[in-house]
Structure formats: C-alpha cells, structure tokens
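Heads up: the structure comes next, in structure tokens.
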Amino acid sequence: MVRIAVSPAQRHARLRAPPQEIVKAHRPTGNFDHLLKLVLPTVEYYDTVYKRLTHRLELFDVAAYISMETPKLETAVPLAHAP
C-alpha cells in the first residue's frame with residue numbers, strides 16, 4: 001500500500017494513464033489524499049513505479065507499506081450490508 005499526499009495545486013488531478021501496477025485506489029478521510037494498492041513482482045520494483053508517479057504528479061508526502069502476507073482475503077460483501 002502506498003499513502004500519498006499531493007501538492008494543493010494538484011489535489012483534484014487525475015492520472016491520465018495510471019500505472020498498471022495500481023490495482024486499487026481510495027480517497028480516504030484524514031491528512032493524506034490517496035491510498036493505493038500496488039501489485040509488484042519484487043520489492044525493488046517499487047522504485048520504478050515511484051519514479052513514474054513522481055514524474056507525473058507533484059507529491060507532497062509519500063509512505064509505502066509492504067504486506068508480508070494476507071492472512072484474510074474476502075471479496076464478498078456480507079448480505080447484511082447489501083443495499
């Protein structure tokens with residue numbers, strides 16, 4: 001997961017062609033702008049994606065979190081939460 005904050009001038013900017021490694025993007029509440037889920041072949045490859053992002057957007061703050069394992073993965077929505 002990558003947490004980013006962009007410059008105020010780019011707060012509503014969108015990537016025209018986001019890197020294919022970004023498989024999920026959230027715009028959460030709080031003090032950062034986006035939470036991105038990336039799928040990468042290696043940890044070292046993160047630097048390549050990071051350089052592409054910083055080339056396209058003026059990033060104010062970036063933090064990366066690497067998942068060592070996925071102890072639970074559920075894609076179904078509980079029926080009690082369905083509209």
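Using DSSP to define loop residues, name the GluC sites (Glu not before Pro) in the chain whose beta-carbon has at most 15 other beta-carbon atoms within 10 Å.
Working: sites: GLU21, GLU44, GLU58, GLU69, GLU74; in loops: GLU21, GLU44, GLU58, GLU69, GLU74.
Here the sparse-neighbourhood loop sites are GLU44, GLU58, GLU69, GLU74.
Counting Lys +1, Arg +1, Asp -1, Glu -1, what net charge surrounds LYS24 among other residues with beta carbon under 14 Å of its beta carbon?
Working: positive: ARG3, ARG27, LYS37; negative: GLU21.
Net of charged neighbours comes to +2.
Can you sort ILE4, ILE66 by how many other beta carbons sit within 10 Å, fewest first?
Details: ILE4 20, ILE66 10.
Ranked by crowding around the Cβ, least crowded first: ILE66, ILE4.
Determine the sum of side-chain charges near PRO41: Lys and Arg each +1, Asp and Glu each -1, restricted to other residues whose C-beta is under 14 angstrom from that of PRO41.
Numbers: positive: none; negative: GLU21, GLU44, ASP47.
Around PRO41, the charge tally is -3.
Would you give the gap between the C-alpha center of the range 17-34 and the C-alpha center of the range 57-78, rounded to a whole Å?
What the calculation gives is 10 Å, centre to centre.
Expressed in nm², what is the orientationally averaged projection area of the convex hull enclosing the Cα positions of the chain? It would help to have the intermediate numbers written out before the result.
On the way: hull surface 29.2 nm².
That works out to 7.3 nm².
What's the longest piece of the chain with no exposed chymotrypsin sites (Phe, Trp or Tyr not before Pro), counting a site as exposed if DSSP puts it in a loop and it has at most 14 other beta carbons within 10 Å? Please list the in-between numbers first.
Numbers: sites that count: TYR45, TYR65.
For chymotrypsin sites (Phe, Trp or Tyr not before Pro) (loop position, at most 14 other Cβ atoms within 10 Å), the longest site-free span of the chain is 1-44.
Would you list LEU57, LEU38, LEU73 from fewest to most Cβ contacts within 10 Å?
Fewest-to-most Cβ neighbours within 10 Å comes out as LEU73, LEU57, LEU38.
May I ask for the angle, rounded to the nearest 10°, between helix 46-56 and the longest principal axis of the chain, with both axes built from Cα atoms and the value confined to 0 to 90°?
Once rounded, the angle reads 60 degrees.
No value in this document is a laboratory result; all are computed from the given coordinates. All of these numbers come straight from a predicted model, not from anything done at the bench. For neighbour counting, all protein chains shown are included, and Cβ atoms are generated from backbone atoms with ideal geometry for every residue, glycine included.
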